[in-house]
Amino acid sequence: MSSEKKPTEKKPVEAGGTEDSTLGNVISEGGRLVKMEVDYSTTCDEKIPAAQQMAKDGRVQEAVDSLMVLEKQTRTGADAHSTSRVLVAVVEICFDAGEWNLLNETVVTLTKKRSQIKMAVTKMVQKCCDYVDKAPDKDAKLKLMDTLRTVTAGKIYVEVERARLTHKLAVMKEAEGDITEAATILQELQVETFGSMERKEKVEMILEQMRLCLLKKDFVRTQIISKKISTKFFDSEEVDDLKLKFYNLMIDLDSHDGSFLSICRHYRAIYDSKSVKESETEKKRVLKHVVLFIILAPYDNEQSDLLHRIKEDKTLEDISQYKDLLQLFVTAELIKWSRLCDVYEAELRSTATTVFPSTEEGNDRWTKLKNRVVEHNIRMMAKYYTRIHLKRMAELLDLSVKESEEFLCQLVVSGTVIARMDRLEGVVNFGTTPEHSQLLNSWSDSLHHLMALVNKTTHLINKEEMVHKHLLTVKE
């Protein structure tokens, strides 16, 4: 007779009995409820320690085989908790024995079993994920990661574990210097669709995707990925570090496109973060960048509105030089470029900010600052002058006649100023855009005047006809 203990059969609950024990034996499996048919917990309490002892004695394969038999019994009996214990015990035995190849083979075999319980697979995969960082060498680590990524592919219930493994693999590839491969691997994850992953972890993954795409110089894909993050998520102070990381990545992205107004908005968001407000030095540094990028942004209604709102910030009192620079662009007066360079160039091109470094990009931005000064001056001329000679205009702008004409044409095309140029005479006529009501009133007056002339002409013609008729009658 066999001395093994028989598994306990679960009896149905009698009427009037408690349902707590029954509910404890029901699990959700893929959206459906599965009731445990047989309880193998007692059998597992005996066989798992026996198999572990067997493995310590050097009989690893025999220990695994014995647990495989028990796994089949627990799986067919729908005992999810016991199956989970068996699967975890199997991988623990392989790990403790240092049998990495056997571990990989066992994981693949167990996940391919018919009607395998998802909860058990999840716990086994989670346990194996802990072993990834404990691998003795790089090859064993990569092989285990590849095995786990293979068995978790397409399985929603282990999508979080797969995402974390993929992130680890991408980090390894980046450390090897293969940025392109790292970015490609991480882009496979559509973490925004993972329902079981916490929102904060999702954002961390998406930020990693953005960072790797920027390193790969794939700016279009970075822009697409950035849309997956709602900026409302950063309203909480608990995610301040993620907020700073996101907006710094967006600054790098928009710097490539030269979108200075967007960069200014990103720095404003950083300026409003808790960690920046607590540091006076950092607060001033960020505000300096806000001031410079709003000045660099091309003039439009939005830029003008933001410029005036930034001017109201009280922290500008502590950086008076930047406040004075901002005031130049708010005041309706001409700005002398040579004087601006004498007063501000040393500060702006120093290490106080990263806007105008001594690089090709910094020199290009300095040129654009000069262009903004010229555009400001032309707008001021359009405000005070109705007619000006092109030579006089070039003299006020510190430019040649040809350069002044080019800048004026750009502003007219963009709709910033209304002007007409007589090249033969060398005269520029500034005007204002008429309102729709004024234009309609002008048309109405012109039409009324025209009809009055027509009526008067008709009256005079009739008068002449009558005079001639009277003269003919008299003669007869």
Quiz item: Taking region 128-150 only, how many residues are within 31 Å of the chain's Cα centre (by Cα) and either buried (at least 18 other Cβ atoms within 10 Å of the Cβ) or among the basic types (Lys, Arg) (or both)?
Solution: 4
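Conditions (1) farther than 24 Å from Glu405 by Cα; (2) β-branched (Val, Ile, Thr); (3) outside any loop (DSSP other than H, G, I, E, B), marked per residue:
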{"site": "Glu425", "(1), (2), (3)": "no, no, no"}
{"site": "Asn429", "(1), (2), (3)": "no, no, yes"}
{"site": "Gln438", "(1), (2), (3)": "yes, no, yes"}
{"site": "Trp443", "(1), (2), (3)": "yes, no, yes"}
{"site": "Ser446", "(1), (2), (3)": "yes, no, yes"}
{"site": "His449", "(1), (2), (3)": "yes, no, yes"}
{"site": "Leu453", "(1), (2), (3)": "yes, no, yes"}
{"site": "Thr457", "(1), (2), (3)": "yes, yes, yes"}
Quiz item: Does Val125 count as open to solvent by less than 60 Å² (accessible area, probe 1.4 Å), among the hydrophobic types (A, V, I, L, M, F, W, C) and within 14 Å of Thr150 (Cβ to Cβ)?
Solution: yes
Practice problem: Starting from region 172-198, keep only residues that are assigned to a loop (DSSP other than H, G, I, E, B), then list their pairs with residues that are among the basic types (Lys, Arg) whose Cβ atoms are within a distance under 7 Å, requiring at least 6 positions of separation or different chains. | Solution: Phe194/Lys202
Exercise. Considering (1) of a type in the set (A, V, I, L, M); (2) more than 18 Å from Trp337 (Cβ to Cβ); (3) part of a helix (DSSP H, G or I), say which one Met421 fails and leave the rest.
Key: (3)
Quiz item: From the list Asp318, Asp257, Asp235, Asp300, which one is modelled with pLDDT under 90, of a type in the set (Asp, Glu) and either touching a His at 6+ places or on another chain (Cβ under 7 Å) or open to solvent by less than 70 Å² (accessible area, probe 1.4 Å) (or both)?
Solution: Asp300
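So, in region 415-455, of the ones that are without any contact (Cβ under 8 Å) to a residue 60 or more places away in the chain and hydroxyl-bearing (Ser, Thr, Tyr), which residue ends up farthest from Asp300 (Cα to Cα)?
Ser446
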Quiz item: Does region 35-76 hold any residues that are more than 17 Å from Val121 (Cα to Cα), polar (S, T, N, Q) and open to solvent by 30 Å² or more (accessible area, probe 1.4 Å), and which are they?
Solution: Ser41, Thr42, Gln52, Gln53, Gln61, Ser66
Practice problem: Quick one: in region 412-453, of everything that is among the hydroxyl-bearing types (Ser, Thr, Tyr) and out of contact with any strand residue (DSSP E or B) (no Cβ under 9 Å at 6 or more places or on another chain), which residue is surrounded by the fewest Cβ atoms within 10 Å (Cβ to Cβ)? | Solution: Ser437
Quiz item: Which of (1) under 49 Å from the mean Cα position of the chain (by Cα); (2) under 30 Å from Glu375 (Cβ atoms) is the odd one out, the single condition Leu424 does not satisfy?
Solution: (1)
Quiz item: Does Ile179 satisfy being in contact with a Lys or Arg (Cβ under 8 Å, 6 or more places away or on another chain) and either under 21 Å from Asp133 (Cβ atoms) or open to solvent by 30 Å² or more (accessible area, probe 1.4 Å) (or both)?
Solution: yes
Exercise. Within region 360-381, identify whether any single residue is touching a Lys or Arg at 6+ places or on another chain (Cβ under 9 Å), modelled with pLDDT under 90 and farther than 22 Å from Ser414 by Cβ, and answer yes or no.
Key: yes
Quiz item: Failed condition for Arg392, given (1) surrounded by 13 or more Cβ atoms within 10 Å (Cβ to Cβ); (2) charged (D, E, K, R); (3) under 26 Å from Glu347 (Cβ atoms); (4) free of Cβ contacts under 8 Å to residues at least 12 places away in the same chain, with all others met?
Solution: (3)
Quiz prompt | Pair list, Cβ < 6 Å and 6+ apart or interchain, from region 321-340 residues that are in contact (Cβ under 8 Å) with a residue 40 or more places away in the chain to residues that are outside any helix (DSSP H, G or I) and open to solvent by 40 Å² or more (accessible area, probe 1.4 Å) | solution = Trp337/Asp398
Quiz item: Does region 246-254 include one or more residues that are modelled with pLDDT under 90, open to solvent by 10 Å² or more (accessible area, probe 1.4 Å) and part of a helix (DSSP H, G or I)?
Solution: no
Self-check item: Hits in region 350-397 (condition: outside any helix (DSSP H, G or I) and not aliphatic (A, V, I, L, M))
Solution: Ser350, Thr351, Thr353, Thr354, Phe356, Pro357, Ser358, Thr359, Tyr385, Thr386, Arg387, His389
Quiz item: So Asp79 fits all but one of (1) of a type outside the set (Val, Ile, Thr); (2) buried (at least 22 other Cβ atoms within 10 Å of the Cβ); (3) closer than 18 Å to Cys128 by Cα; what number is the exception?
Solution: (3)
Quiz item: Of (1) part of a helix (DSSP H, G or I); (2) open to solvent by 30 Å² or more (accessible area, probe 1.4 Å); (3) farther than 20 Å from Lys311 by Cβ; (4) of a type outside the set (Lys, Arg), Glu347 satisfies all except one. Which?
Solution: (3)
Practice problem: Can you run down the residue pairs with Cβ atoms below 9 Å, 6 or more apart or on separate chains, where the first is in region 49-68 and touching a residue at least 40 places away in the same chain (Cβ under 8 Å) and the partner is part of a loop (DSSP other than H, G, I, E, B)? | Solution: Val60/Glu99; Gln61/Glu99; Val64/Glu99
Quiz item: Based on what the data block shows, is Leu165 over 28 Å from Arg211 (Cα atoms) and either open to solvent by less than 10 Å² (accessible area, probe 1.4 Å) or assigned to a helix (DSSP H, G or I) (or both)?
Solution: no
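Can you give me the ranges of the helices (runs of 4 or more DSSP H) entirely in region 258-338 with at least 3 residues that are under 28 Å from Met393 (Cβ atoms)? Walk me through it before giving the result.
Working: elements: 260-271, 274-278, 280-296, 301-311, 320-330.
Of the helices (runs of 4 or more DSSP H) lying wholly inside region 258-338, those with at least 3 residues that are under 28 Å from Met393 (Cβ atoms) span 280-296, 301-311, 320-330.
The values are calculated or read from the model by the stated rules, or taken from the named source; none is laboratory data. Bear in mind the structure is a predicted one, so any value in this text is a computation, not a measurement. Because the Cβ atoms are built from the backbone with ideal geometry, glycine has one as well, and the counts that use them run over all protein chains shown. For accessibility, only protein heavy atoms count, side chains too; no ligands or nucleic acids. Shrake-Rupley method; radii C 1.70, N 1.55, O 1.52, S 1.80 Å.
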